[in-house]
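First up is the structure itself, then whatever we jot down about it.
What follows draws every value from the coordinates through simple rules; no lab data is involved. As the structure is a prediction and not an experimental result, all values here were calculated from the model. Positions of Cβ are backbone-derived with ideal geometry, glycine not excepted, and every protein chain shown enters the neighbour counts.
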Amino acid sequence: MNAEEIIKNPVSTEKAVRLMESNNTITFIVNEKSNKNQIKKAVEKLFKVNVEKVRIVNEGKKKKAYVVLGKDSNALDVATELGMV
């Protein structure tokens, strides 16, 4: 699976934006078959950022990943690049 298949789309809900601002966390809908390590590598490759931690939540048929970026990376910059903010 390549990076584009793993990361489906970003989440831009009010909660997701709050997490970006307060915790340097960006939220994505990801492929149901991907794991934390694959998600981490895909985000680092696609956005050229350092990923500190990945948390996954399964919501029915959707899989959501909360990606905490490293201190030297900014979630708002990634969101701007994606056209979310």
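If you add up the charges near Asp77, with Lys and Arg at +1 and Asp and Glu at -1, over every other residue whose beta carbon is less than 15 angstrom from its beta carbon, what do you get?
Details: positive: Lys48, Lys71; negative: Glu21, Glu44, Asp72, Glu81.
Overall, the nearby charge balance is -2.
Of all aspartates and glutamates in the structure, those lying under 17 Å Cα to Cα from Lys63, and not within fewer than 8 positions of it along the same chain, are Glu4, Glu5, Glu32. Considering helices alone, the calculated mean residue ellipticity of the chain at 222 nm is -11000 deg cm²/dmol, with DSSP H runs of length four and up weighted by -39500 (n - 2.57) and normalised per residue.
Relative contact order of the stretch 1-52: what whole-number percent is it, with Cα pairs under 8 angstrom and at least 6 residues apart?
Values: 51 pairs, mean separation 21.9, N = 52.
Relative contact order of the stretch 1-52: 42 percent.
For Cα extents along the principal axes in Å, several values are listed as (i) 56, 35, 26; (ii) 28, 25, 21; (iii) 86, 32, 22; flag the one computed from this structure. Among (i) 56, 35, 26; (ii) 28, 25, 21; (iii) 86, 32, 22, the one calculated here is (ii). Net charge dipole, the stretch 3-82: roughly 400 debye, given to the nearest 20, about the Cα centre with Cβ charges of +1 for Lys and Arg and -1 for Asp and Glu.
Each other residue within a Cβ distance under 10 Å of Phe28 adds +1 if Lys or Arg and -1 if Asp or Glu, for a net charge of +3.
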